[in-house]
Amino acid sequence: MTATPLSLLLAALPESSPASLRADAARRYAAQERTLHARLEGLYGDRPGYAQWYAGLMGTVGALLAARPPELLALDSRREARPDWFLGERMLGYCAYVDRFGGSLRGVAERIPHLRELGVSYLHLLPFLRPREGENDGGFAVASFDDVDPRLGSVADLEALTARLRAAGISLCSDFILNHVADDHAWAQGARRGDPALRDYFHVFPDRDMPDRHERTLGQVFPQVAPGNFSHVEEMGGWVWTTFYPYQWDLNYANPAVFAEMAAALLRLANRGIEVFRLDSTAFLWKREGTNSMNQPEAHALLQALRAIVAIAAPGVLLKAEAIVPTRELPAYFGSEQAPECHIAYHSSLMAAGWGAVAEQDASLLRAVAAGTPPLPPAAGWLSYVRCHDDIGWNVLRAEAGRDAPARLARIARFYSGAEGSFASGAAFQSSDPNAAHGSNGMAASLLGLETAATDAERDAALDRVLLLHGLALAFGALPVLYMGDELAQQNDYGYRGRPEHAMDSRWLQRPWFDEAALARRHDGSTPSGRMYMGLRALIDARRRLPALAAGEPRAVLPSAPAVLALARGERFLCLCNFSALAQVHALDGTWKASLTGQAFSGEVALAPWALLWLERAA
């Protein structure tokens, strides 16, 4: 009798496995088989040996399920029973670099009390897997998916950290770079040595004919420091596709072996206790001549197949799309109820529109983004944020910015580089379009005026602006994520300019070392750190008791003054944001009370400059 994919999956489970695990595996496979097989057959079905490859993939998935620790199997069962577990009003994320936050993985474990005090339940640690030697794009050039950066610790340290986080109710999120590997990864090294199978893991061209044809329609990620999308590699006898830096080789997902290897690498990391994967560079996975080779249908097929495999072998794990694309293009990364893709996606348009509202003292961009945010499939949600390790990219707002979008967004970008009398301390980042806005870099407090503030009033206004943007992220209806140091109003780190390997990359402005002195002052309201921390904590604590702020609750934009965003969450909660240096008045329907102070308002409410006000309808 010919073995079926399901029988091969089950055969990988030891005979001593509980009957419940075998039953769960069979049930999950049956639920995912249609989507999984359809997507993979559509991608690879015309290749010789497809059926054997697919069966072998299921055997690998079964073996990795068999290796999953009991405590993670129990977590899988709990989360299968409640698939929207990550969308509640008590979920709060935090994003940090291992070395800059805790020094090492063991040091991060010592920060757990701080995270718990904040109310964090999701921790995104930026790349900590073994990176390329030398330049490595901040760790995004991965040399091994199975090893930890030795400067940060060991695999044992990682497993100990995930266990401690899990005991504290915190899910660990790791970057998983799907599009490329470092040029010193074992696959790239084998390809350099002439291994034909490994050479086919990459896109390699013997001359410039095909690269030049592709370049006609491709954009550029780093046009100033890494122009073009192809790099000549002598040992490869040609040109290798390198979308990002020359030392990051794009993977060839037209080769089914690449998909199988990457799926297995993700499951091995999941078995070490990682509960969320930020799928980096998802838009670039499939290449097609005559297009920008972004957001291709095959990229979504790959992600849907990966989601199905995770649902079989590690259903307690979340997939998060790092797709920084306009709002109208984001729903594709969630898939559909019949063929789900990622559980979470960054709402980068909301983030950028909030910054635009501050610069313009006008909330029209935000109103357009909020009103245009599409509904999502079940058990899927947005991720909201104010800052991250990357630049603020303005081009996601082209549709909302109107006919003069390039000029309008360029003005906003100049504002955050400190031009035109701005209070901001930031730096421009690269752009592949000479007619578009450059990205903007800097820590939130510096971009919002704390660094340039010369008086108490200016410092107060800067902190009000920081709390304003965070209050919006917390109230919008998403999984909100704080960026390391923002809870303490940390400012730009200019030390990168003295490091040759970082000097050309202004994103290092927003990658400071965690400030121990500021942490010690977090309860001192006379300091910027204390005022920011206590103000943010008050918002977080209020959110935790407000079911209206869960991600799935209805959202509506109400009429308001141009500088005001009035965001209703259901019938009983209202978030008012004044993006103006002038006081504003907002009309109220009925009687409301302030969530933080209990003050009652009826008829109308006066909003101070840069004010954030959360209101609950009075009984």
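The values are calculated or read from the model by the stated rules, or taken from the named source; none is laboratory data. Here the structure is a predicted model, which means the values were calculated and not measured. Note that each Cβ is placed from the backbone with ideal geometry, even for glycine, and that neighbours are counted across all protein chains shown.
So is Ala321 under 22 Å from Ala96 (Cβ atoms) and assigned by TED's automatic domain parsing to the domain that holds Glu80 or not?
Working: under 22 Å from Ala96 (Cβ atoms): yes; assigned by TED's automatic domain parsing to the domain that holds Glu80: yes.
When the stated conditions are applied, Ala321 passes them.
Residues are listed down the side, and each one gets a yes or a no for (1) at pLDDT 95 or above; (2) touching a Phe, Trp or Tyr at 6+ places or on another chain (Cβ under 7 Å); (3) crowded, with 16+ Cβ neighbours inside 10 Å; (4) under 30 Å from Leu558 (Cβ atoms):
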{"site": "Arg403", "(1), (2), (3), (4)": "no, no, no, yes"}
{"site": "Ala419", "(1), (2), (3), (4)": "no, no, no, no"}
{"site": "Gln430", "(1), (2), (3), (4)": "no, yes, yes, no"}
{"site": "Leu450", "(1), (2), (3), (4)": "yes, no, yes, no"}
{"site": "Leu467", "(1), (2), (3), (4)": "yes, no, yes, yes"}
{"site": "His502", "(1), (2), (3), (4)": "no, yes, yes, no"}
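Applying the selection to segment 118-144, what residues are touching a residue at least 60 places away in the same chain (Cβ under 8 Å) and either assigned to a loop (DSSP other than H, G, I, E, B) or surrounded by fewer than 20 Cβ atoms within 10 Å (Cβ to Cβ) (or both)?
Leu118, Gly119, Val120, Leu126, Arg132, Gly134, Glu135, Asn136, Gly138, Phe140, Ala141
Determine which member of the set Ser425, Ser446 is of a type in the set (Ser, Thr, Tyr) and assigned to a loop (DSSP other than H, G, I, E, B). Spell out how you get there, then give the answer.
Working: Ser446 fails: assigned to a loop (DSSP other than H, G, I, E, B).
Unique residue meeting the criteria: Ser425.
Look at Glu235 and say whether it is surrounded by fewer than 15 Cβ atoms within 10 Å (Cβ to Cβ) and of a type outside the set (S, T, N, Q). Quick ask: steps written out before the conclusion?
On the way: surrounded by fewer than 15 Cβ atoms within 10 Å (Cβ to Cβ): yes; of a type outside the set (S, T, N, Q): yes.
Considered against the rule, which asks whether it is surrounded by fewer than 15 Cβ atoms within 10 Å (Cβ to Cβ) and of a type outside the set (S, T, N, Q), Glu235 comes out as yes.
Assigned to a helix (DSSP H, G or I) and surrounded by 15 or more Cβ atoms within 10 Å (Cβ to Cβ): is that true of Leu576 in this structure?
It is false that Leu576 is assigned to a helix (DSSP H, G or I) and surrounded by 15 or more Cβ atoms within 10 Å (Cβ to Cβ).
Restricting to segment 193-237, name every residue that is outside any loop (DSSP other than H, G, I, E, B), in contact with a strand residue (DSSP E or B) (Cβ under 9 Å, 6 or more places away or on another chain) and small (Gly, Ala, Ser).
Within segment 193-237, Ser231 is the sole residue that qualifies.
Does Arg106 qualify as being at pLDDT 95 or above, touching an Asp or Glu at 6+ places or on another chain (Cβ under 6 Å) and part of a helix (DSSP H, G or I)?
Working: at pLDDT 95 or above: yes; touching an Asp or Glu at 6+ places or on another chain (Cβ under 6 Å): yes; part of a helix (DSSP H, G or I): yes.
Yes; evaluated as a whole, the condition is true for this residue.
Quickly run through segment 42-68 and pick out the residues that are touching a residue at least 12 places away in the same chain (Cβ under 8 Å), of a type in the set (D, E, K, R) and under 16 Å from Ala257 (Cβ atoms).
Arg47
Filter segment 280-294 for residues that are out of contact with any Asp or Glu (no Cβ under 6 Å at 6 or more places or on another chain) and not in a helix (DSSP H, G or I) and give the result.
Ser281, Leu285, Lys287, Arg288, Glu289, Gly290, Thr291, Asn292, Ser293, Met294
Please note which helices (runs of 4 or more DSSP H) are completely contained in segment 3-74 and include at least 2 residues that are hydroxyl-bearing (Ser, Thr, Tyr) and in the same structural domain as Ala314 (by TED's automatic domain parsing). First the steps, then the outcome.
Details: elements: 5-11, 19-44, 50-66.
In segment 3-74, the matching helices (runs of 4 or more DSSP H) lie at 19-44, 50-66.
Quick one: would you say Ala399 is in contact (Cβ under 8 Å) with a residue 40 or more places away in the chain, of a type in the set (Gly, Ala, Ser) and touching a strand residue (DSSP E or B) at 6+ places or on another chain (Cβ under 9 Å)? Let's see the steps before the verdict.
Numbers: in contact (Cβ under 8 Å) with a residue 40 or more places away in the chain: yes; of a type in the set (Gly, Ala, Ser): yes; touching a strand residue (DSSP E or B) at 6+ places or on another chain (Cβ under 9 Å): no.
No: the conditions fail for Ala399.
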